[in-house]
Amino acid sequence: MEQLHRFLASVLSSTRDLLPIVLVVAFFQIVVIQQPFPEFARILVGSGLVVLGLAFFVRGLEQGLFPIGESLAYAFAKKGNLFWLLLFAFALGFGTTIAEPALTAVAAEAAVIAADGGVIARDDVAMSSYALGLRITVAISVGVAIVAGVYRIVRGWPIQYFIIGGYLGVVIMTAFAPPEIIGIAYDSGGVTTSTVTVPLVTALGVGLAESIRGRNPMIDGFGLIAFASLTPMIFVMAYGMVL
């Protein structure tokens, strides 16, 4: 019964979160465009499914991803082996990024645009290879970013120096990268930090900061997502230069 109440609370919360979007769309559709909604029943059912999906997703985060991320971080910190902790950080960053649906969609679209622009051959093999190479490049970059972020937490180094240095690197790479890859590189930094990566990486950072004496979870536990959205821009521009 308690689980049911929590789920219903999640449904109510998801409904409140979705309501502003619905109101904005309804206002412009009815007041500005002044036309009825096409296939209103279908839109209504779809909105209900979105609410349920958000509710299930939030409950899944609370019950599964956050606890497992924090417990693994605590276990590795207790074990005291930096090598295995960093290896786990890389594997987590790589694995969650490869699994990101948003990255898969962007990589596939980038392959189509690259074929239309004559950058690669317009056939399934070349386009699949381009999209897969882009995904692997981004996944490796996120893995490296999580390793750097975890090592920063272990050492207690300030995050701002890493971020400032990283964005200086982005600016420098932008000056030398092919114009066709720059937009894709910038978008890659955003799509990597999505539904799969963010919960696990955040839980890893917070759990690690909580388990190391002298670390403040509020100061040291957060910031891994910034690393994960920064390094793909540099790696993808380098990928474009090499390709």
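In region 89-108, the residues that are in contact (Cβ under 8 Å) with a residue 12 or more places away in the chain reach residues that are surrounded by fewer than 19 Cβ atoms within 10 Å (Cβ to Cβ) and of a type in the set (Asp, Glu) with C-beta atoms within less than 9 angstrom, at least six apart or across chains, in these pairs: 106/187.
Among the residues making up region 1-29, those that are of a type outside the set (Ser, Thr, Tyr), under 20 Å from residue 63 (Cα atoms), open to solvent by less than 70 Å² (accessible area, probe 1.4 Å) and at pLDDT 75 or above are 9, 11. With a requirement of 1 or more residues that are in contact with a helix residue (DSSP H, G or I) (Cβ under 7 Å, 6 or more places away or on another chain) and of a type in the set (Val, Ile, Thr), the helices (runs of 4 or more DSSP H) lying completely within region 1-86 that satisfy it span 2-27, 40-60.
In the set 104, 97, only one residue is under 15 Å from the mean Cα position of the chain (by Cα), under 21 Å from residue 198 (Cβ atoms) and open to solvent by less than 30 Å² (accessible area, probe 1.4 Å); that residue is 97. One residue stands out in region 109-119 among those that are free of Cβ contacts under 8 Å to residues at least 40 places away in the same chain and open to solvent by less than 20 Å² (accessible area, probe 1.4 Å): the one that is nearest to the chain's Cα centre (by Cα), namely 111. Restricting attention to region 182-211, the residues being open to solvent by less than 10 Å² (accessible area, probe 1.4 Å) and assigned to a helix (DSSP H, G or I) number 12. Among the residues of region 217-237, those that are open to solvent by less than 70 Å² (accessible area, probe 1.4 Å) and either β-branched (Val, Ile, Thr) or more than 20 Å from the chain's Cα centre (by Cα) (or both) comprise 217, 225, 231, 234, 236.
Among the residues of region 138-181, those identified as open to solvent by less than 20 Å² (accessible area, probe 1.4 Å) and either among the β-branched types (Val, Ile, Thr) or touching a Lys or Arg at 6+ places or on another chain (Cβ under 9 Å) (or both) are 138, 142, 146, 150, 153, 170, 181. Taking (1) assigned to a helix (DSSP H, G or I); (2) at pLDDT below 85; (3) surrounded by fewer than 18 Cβ atoms within 10 Å (Cβ to Cβ) in turn, residue 122 satisfies each apart from (1). Scanning region 76-94 for residues that are within 16 Å of residue 200 (Cβ to Cβ) and surrounded by fewer than 16 Cβ atoms within 10 Å (Cβ to Cβ) yields 87, 91.
Residues in region 177-204 that are small (Gly, Ala, Ser) and either modelled with pLDDT under 80 or under 30 Å from residue 119 (Cα atoms) (or both): 177, 183, 185, 188, 189, 190, 194.
Within region 156-169, residues that are touching a residue at least 60 places away in the same chain (Cβ under 8 Å) have Cβ atoms under 7 Å from residues that are outside any loop (DSSP other than H, G, I, E, B) and of a type in the set (Asp, Glu) in these pairs: 156/220, counting only partners at least 6 apart in sequence or on another chain.
The values are calculated or read from the model by the stated rules, or taken from the named source; none is laboratory data. The model shown is predicted, which means the values in this text are computed figures rather than measured ones. Because the Cβ atoms are built from the backbone with ideal geometry, glycine has one as well, and the counts that use them run over all protein chains shown. Note: accessible area is taken over every heavy atom of the protein model, side chains too, but ligands, DNA and RNA are not part of it. Shrake-Rupley method; radii C 1.70, N 1.55, O 1.52, S 1.80 Å.
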